[in-house]
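The values are calculated or read from the model by the stated rules, or taken from the named source; none is laboratory data. On a predicted model such as this, the values are computed, not experimentally measured, just so you know. Cβ coordinates were reconstructed from backbone atoms using ideal geometry, including for glycine residues, and neighbour counts include every protein chain displayed. Side chains included, ligands, DNA and RNA excluded: accessible areas come from the protein's heavy atoms. Shrake-Rupley method; radii C 1.70, N 1.55, O 1.52, S 1.80 Å.
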Amino acid sequence: MNRTTLSRALRPAAVVLCIAVFLAAFFTMRNAQPGTNPFFKSAWSLFPPVMAIMLALITKEVYSSLFVGILFGGCLFTGMKFIPTLEHVFLQDGMIGALSDSYNLGILIFLVILGTLVSLMNRAGGSAAFGNWAARRIKTKPGAQLATVVLGVLIFIDDYFNCLTVGSVMRPVTDRHGIPRSKLAYIIDSTAAPVCIIAPISSWAAAVTGFVDDNAANGLALFIQAIPYNLYAILTLTMLVALALLKFDFGPMAAADDIVPFEEASDLDTKGSIVDLLIPIAALIVCCTLGMLYTGDFFAGADFVTAFSDSDASVGLVFGSFGALAVTLLLYLVRKVLTLRECMDALPAGFQAMVPAILILTFAWTLKAMTDSLGAGAYVNLLVKGSAESFLSVLPAIIFLIAVGLSFSTGTSWGTFGVLIPIVVDLFDANMSTIMIISISACMAGAVCGDHCSPISDTTIMSSAGAQCDHLTHVSTQLPYALFVAGVSFVFYLIMGFVRSPLVTPVAMAVLVAILWGMKRFGLGSSLGSRAANQ
């Protein structure tokens with residue numbers, strides 16, 4: 001039975017699941033004391049995103065699944081009342097509120113401009129020229145994968161920027177070597193948040209620093225000290241390199257067949273050259289960096305590190321992408337590779353290319369708003385503090401699991417940081433003991449892991465968009481890899497809670513590579529690994 005047939009067979013089960021959950025909520029509300037909401041600050045607050053994710057994985061239909069989760073969240077908030085539910089879902093507390101939020105709006109504008117830049121580079125022939133250039137230098141599938149990893153690591157400033165830039169640059173190269181789009185999406189996703197969370201100069205470092213009370217600890221110092229203990233991020237990068245060098249894949253990724261022939265993936269144009277891709281990408285990197293520094297008052301006298309810590313990534317990326325768009329238009333018009341009309345035609349084309357990502361992001365943000373309105377953060381706060389009192393040495397592993405669950409359910413790493421990091425800091429003395437630093441790293445690692453696995457995560461969505469891969473195909477092929485790394489991370493966080501040494505990290509890396517080698521040695525991989533080995 002193929003996946004499409006299985007998906008159709010499971011749809012009745014999805015309907016039954018929805019009805020059962022709605023009925024359980026209805027009777028819970030009916031039996032509650034008058035004037036109280038039994039769903040607020042309880043395990044029910046995590047049900048809407050979990051329900052949406054389960055439906056998406058069962059039905060392979062992301063839009064309707066997200067909407068059902070949003071609707072269910074609204075029902076829980078209003079106590080199962082129909083009209084108030086619709087108001088909560090669609091008005092200021094829900095979808096309209098998500099779209100009118102200045103940060104979210106900035107990300108949407110950034111997406112549209114990136115889509116326009118990609119369309120311009122394709123029309124000018126820059127992407128095709130780069131593919132031809134890279135083909136003469138990158139001869140193998142492992143080489144193409146490693147080149148993509150290296151580019152992803154180099155673009156460490158922001159994960160959104162990483163997802164779309166790496167995808168647009170490396171897609172012609174991976175297409176030429178017959179690498180499935182789902183594998184490209186996995187590499188993009190794995191070099192976005194996992195790289196940003198161990199880069200001291202990034203929007204993520206700024207976010208983590210902002211969640212630490214200055215009176216309790218120095219946020220940036222805490223972030224830097226936690227880097228060697230961030231098992232999930234380091235092991236994810238280790239796995240990327242190991243899979244490429246071992247020429248090995250397993251699970252759904254090994255059977256992935258979403259391979260797009262290079263000739264069909266790019267618009268060839270004899271007037272274009274590699275300059276028509278490199279200059280726009282360089283302009284994007286420089287302008288986005290300057291944009292983020294500007295929002296952090298670097299040009300008003302703040303030092304470099306402080307400027308990044310105080311930067312507004314959304315506004316900075318909008319400024320940067322507009323600057324890069326202006327440079328690109330000027331370049332193409334001066335070089336006469338495109339006419340003004342052809343340049344303007346790229347605007348709606350770029351917007352159209354990003355519509356699926358924009359729609360999913362809008363639904364994901366609205367679903368997060370539903371979860372926040374139900375007090376999910378307060379519920380997790382109580383859960384963590386209750387666990388911490390009894391299990392100090394295993395606390396990093398517990399925090400890791402809670403962060404994975406919260407981030408997976410809500411689709412946001414930063415939201416998970418906002419909930420858990422202040423709690424973890426409050427649990428310890430202000431002297432930044434080793435167990436506190438390990439626990440902070442476990443929180444960050446778990447947040448990235450859950451975000452990496454979640455279908456409603458913005459970085460997961462934009463990785464799909466950057467690779468031009470079907471979103472649920474990306475999620476289903478990536479999930480076993482992410483869970484594998486999460487399992488190894490959990491085991492070594494248990495060990496780290498007792499050993500409390502950064503030397504545990506290289507041991508974990510060696511164990512992960514040894515497991516992958518053993519899986520290949522005993523034939524637990526499948527077709528994609530075999531195809532790669534034959535290149």
* Residue-normalised accessible area of the stretch 62-166, given per residue in Å² at a 1.4 Å probe -> 36
* Asked: Probe 1.4 Å, all protein chains in place: accessible area of residue 63 in Å², nearest 10?
  -> 70
* Asked: Of all the accessible heavy-atom surface of the stretch 292-377, with the other protein chains kept in place and a 1.4 Å probe, what percent is carbon and sulfur?
  -> 67
* Asked: Residues of the stretch 58-76 with amide nitrogen under 15 Å from the 7 Å Cα-to-Cβ point of residue 17?
  -> 58-70, 72
* Asked: What list of ³J(HN,Hα) couplings, whole Hz, do you get for the stretch 23-31 from phi and the Karplus terms 6.51, -1.76, 1.60, once you set θ to phi - 60° and write x for glycine and proline?
  -> 5, 4, 5, 4, 6, 4, 5, 5, 8
* Sequence ranges 97-110, 511-524, 116-129, ranked by mean other-Cβ count within 10 angstrom, highest first -> 116-129, 97-110, 511-524
* Asked: For the stretch 56-128, what % of the accessible area comes from carbon and sulfur atoms, probe 1.4 Å?
  -> 71
* Give me the accessible area of residue 398, 1.4 Å probe, in Å² rounded to the nearest 10. => 40
* Asked: Within the set 141/336; 139/336; 139/520; 183/368, which residue pairs have Cα atoms separated by over 25 Å?
  -> 141/336; 139/336; 183/368
* Asked: What accessible area, in Å² to the nearest ten, does a 1.4 Å probe give for residue 224?
  -> 80
* Karplus couplings for the stretch 61-70 from phi (6.51 cos²θ - 1.76 cosθ + 1.60, θ = phi - 60°), rounded to Hz, Gly and Pro as x? -> 10, 7, 5, 5, 5, 5, 5, 4, x, 4
* **Protein accessible area in the stretch 419-521, 1.4 Å probe - carbon and sulfur %** => 68
* At what distance in angstrom do the alpha carbon centres of the stretch 46-74 and the stretch 493-510 lie from each other? -> 37
* Structure fact -> Counting sequence-distant residues (5 or more places) and residues on other chains, those with an amide H built under 5 Å from that of residue 296 are 312
